[in-house]
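Trainee: Quick one: the structure is below, questions incoming.
The values are calculated or read from the model by the stated rules, or taken from the named source; none is laboratory data. Nothing here was measured: the structure is a model prediction, and the numbers come from that model. We place every Cβ from the backbone using ideal geometry, glycine too, and count neighbours over all the protein chains shown.
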Amino acid sequence: MDELIGARTALVTGGSGGIGKACAATLCELGYDVVLSARRVDPLRAAADEIGARYIAADASDLEGFAAAIGPLEVIDLVVHAAGTLGGTYARKQTFEQWRTIMSANLDSCFVVTSAALPKMRAGSRFIFISSSAAHEPMMARTAYSASKAGMNAFARALATEVDRDGIAVHIVTPGPVETDMLQDVPFEMNAIQVTDVAETVAWLDTVDPSVDLPEIRLSAVPRGPFARKPVVPTEVLRRAAQS
């Protein structure tokens, strides 16, 4: 992993923080020309300056706006689609507006990003979609999130059957809980992996020979034994404990 990749251009959505920023930082270290995208300019600029990347302010769920924003990029060798959000509530409490917000951020964005990036990709290029274990093990009180991630996985596999003839690979990285700010609203303790675990997996995937189909990698924390990390205790757990 210490060999520089050179001129390969990587577009990382959701690049202003969390998993996206960690993936972008690792790719920068490996010599990629990294372009971050996210909606909010200030944290996006700060992340780009910190890791040595370029940036483009763009909403990954805005079809026309995202396409226009990345228009100046001539070639994209790697797309890491990490934009998304963890939200929602119980189905009986959730409004349709809340449902649409989650679905737009997590699933509509798959089409938006693919539609804009695909014309700029060539043989040897790759898509890597950052999914969630909720795609396979739906989360209580997270119906929209679970559905959106399951939809992402289905989208990615269908896309793979379309673009393999062009020499473009499609991969899914499906982590369990990852220790980011997004976990703080979860009302229970959990074993979590680090953002660097996901980032290193993403970087490795771009070294896989283009003749190999590797549909999905699942990552989860070791729950016990000498390599188990301490469980993450979200702030929501502490808040509920203080009220009880």
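Trainee: Could you check the range 119-131 and list, in sequence order, the residues that are buried (at least 17 other Cβ atoms within 10 Å of the Cβ) and either out of contact with any Leu (no Cβ under 8 Å at 6 or more places or on another chain) or among the basic types (Lys, Arg) (or both)? Working first, answer last.
Mentor: Residues of the range 119-131 buried (at least 17 other Cβ atoms within 10 Å of the Cβ): 120-121, 125-131.
The answer is Lys120, Met121, Arg126, Phe129, Ile130, Ser131.
Trainee: Please find, within the range 177-203, the residue that is nearest to the chain's Cα centre (by Cα) out of those that are outside any strand (DSSP E or B) and over 16 Å from Ala82 (Cβ atoms).
Mentor: First, the residues of the range 177-203 that are outside any strand (DSSP E or B): 177, 179-189, 191-192, 194-203.
Narrowing further to those that are over 16 Å from Ala82 (Cβ atoms): 184-189, 191-192.
Working: Gln184: 18, Asp185: 19, Val186: 19, Pro187: 23, Phe188: 23, Glu189: 22, Asn191: 19, Ala192: 16 Å.
The selected residue is Ala192.
Trainee: Hey, Arg45 hits all of (1) in contact with a Phe, Trp or Tyr (Cβ under 7 Å, 6 or more places away or on another chain); (2) within 30 Å of Thr207 (Cα to Cα); (3) of a type outside the set (A, V, I, L, M, F, W, C); (4) crowded, with 18+ Cβ neighbours inside 10 Å but one; which does it fall short on?
Mentor: Evaluating Arg45 over (1) in contact with a Phe, Trp or Tyr (Cβ under 7 Å, 6 or more places away or on another chain); (2) within 30 Å of Thr207 (Cα to Cα); (3) of a type outside the set (A, V, I, L, M, F, W, C); (4) crowded, with 18+ Cβ neighbours inside 10 Å leaves (4) as the failure.
Trainee: Identify, please: which residue in the range 229-244 is in a loop (DSSP other than H, G, I, E, B) and more than 24 Å from Ala135 (Cβ to Cβ) and is, among those, modelled with the highest pLDDT? Steps first, answer last, please.
Mentor: From the range 229-244, those in a loop (DSSP other than H, G, I, E, B) are 229-231, 233-234, 244; that's our starting set.
Among the residues that remain, those that are also more than 24 Å from Ala135 (Cβ to Cβ) are: 230, 233, 244.
Details: Lys230: 89, Val233: 79, Ser244: 75.
Result: Lys230.
Trainee: Here is a check on your reading of the model: is Asp33 modelled with pLDDT of 95 or more, over 17 Å from the mean Cα position of the chain (by Cα) and not polar (S, T, N, Q)? Let's see the steps before the verdict.
Mentor: Values: modelled with pLDDT of 95 or more: yes; over 17 Å from the mean Cα position of the chain (by Cα): yes; not polar (S, T, N, Q): yes.
When the stated conditions are applied, Asp33 passes them.
Yes/no matrix, rows are residues, columns are (1) of a type in the set (Ser, Thr, Tyr); (2) farther than 21 Å from Leu78 by Cβ; (3) free of Cβ contacts under 8 Å to residues at least 24 places away in the same chain:
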{"site": "Ile193", "(1), (2), (3)": "no, yes, no"}
{"site": "Val202", "(1), (2), (3)": "no, no, no"}
{"site": "Ser211", "(1), (2), (3)": "yes, no, yes"}
{"site": "Ile217", "(1), (2), (3)": "no, no, no"}
{"site": "Pro223", "(1), (2), (3)": "no, yes, no"}
{"site": "Ala228", "(1), (2), (3)": "no, yes, no"}
{"site": "Val233", "(1), (2), (3)": "no, yes, no"}
{"site": "Ala241", "(1), (2), (3)": "no, yes, yes"}
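Trainee: Of all residues in the range 7-20, which are in contact (Cβ under 8 Å) with a residue 40 or more places away in the chain and crowded, with 24+ Cβ neighbours inside 10 Å? Spell out how you get there, then give the answer.
Mentor: At the first step, the residues of the range 7-20 found to be in contact (Cβ under 8 Å) with a residue 40 or more places away in the chain are 8-15, 17-20.
Ala10, Leu11, Val12, Thr13, Gly14, Gly15, Ile19, Gly20 - these are the residues of the range 7-20 that are in contact (Cβ under 8 Å) with a residue 40 or more places away in the chain and crowded, with 24+ Cβ neighbours inside 10 Å.
Trainee: If Ala116 meets every condition in (1) assigned to a helix (DSSP H, G or I); (2) surrounded by fewer than 22 Cβ atoms within 10 Å (Cβ to Cβ) apart from one, which number is that one?
Mentor: Among (1) assigned to a helix (DSSP H, G or I); (2) surrounded by fewer than 22 Cβ atoms within 10 Å (Cβ to Cβ), the lone unmet condition for Ala116 is (2).
Trainee: Please specify each residue of the range 190-234 satisfying the condition of being surrounded by 17 or more Cβ atoms within 10 Å (Cβ to Cβ) and charged (D, E, K, R).
Mentor: Asp197, Asp206
Trainee: Quick test for you: out of Gly176, Gly225, pick the one residue that is out of contact with any Gly (no Cβ under 8 Å at 6 or more places or on another chain), closer than 21 Å to Lys21 by Cα and small (Gly, Ala, Ser).
Mentor: On the way: Gly225 fails: closer than 21 Å to Lys21 by Cα.
Going through Gly176, Gly225 in turn, just one is out of contact with any Gly (no Cβ under 8 Å at 6 or more places or on another chain), closer than 21 Å to Lys21 by Cα and small (Gly, Ala, Ser): Gly176.
Trainee: Here is a list: Cys28, Cys23. Which entry is surrounded by fewer than 24 Cβ atoms within 10 Å (Cβ to Cβ) and either among the polar types (S, T, N, Q) or modelled with pLDDT of 95 or more (or both)? Lay out the reasoning, then the answer.
Mentor: Values: Cys23 fails: surrounded by fewer than 24 Cβ atoms within 10 Å (Cβ to Cβ).
Criteria check complete, one pass: Cys28.
Trainee: Right, here's the next one. Check the range 43-64 and report whether any residue there is over 25 Å from Ile172 (Cα atoms), at pLDDT 95 or above and basic (Lys, Arg).
Mentor: Scanning the range 43-64, I find at least one residue that is over 25 Å from Ile172 (Cα atoms), at pLDDT 95 or above and basic (Lys, Arg), so the answer is yes.
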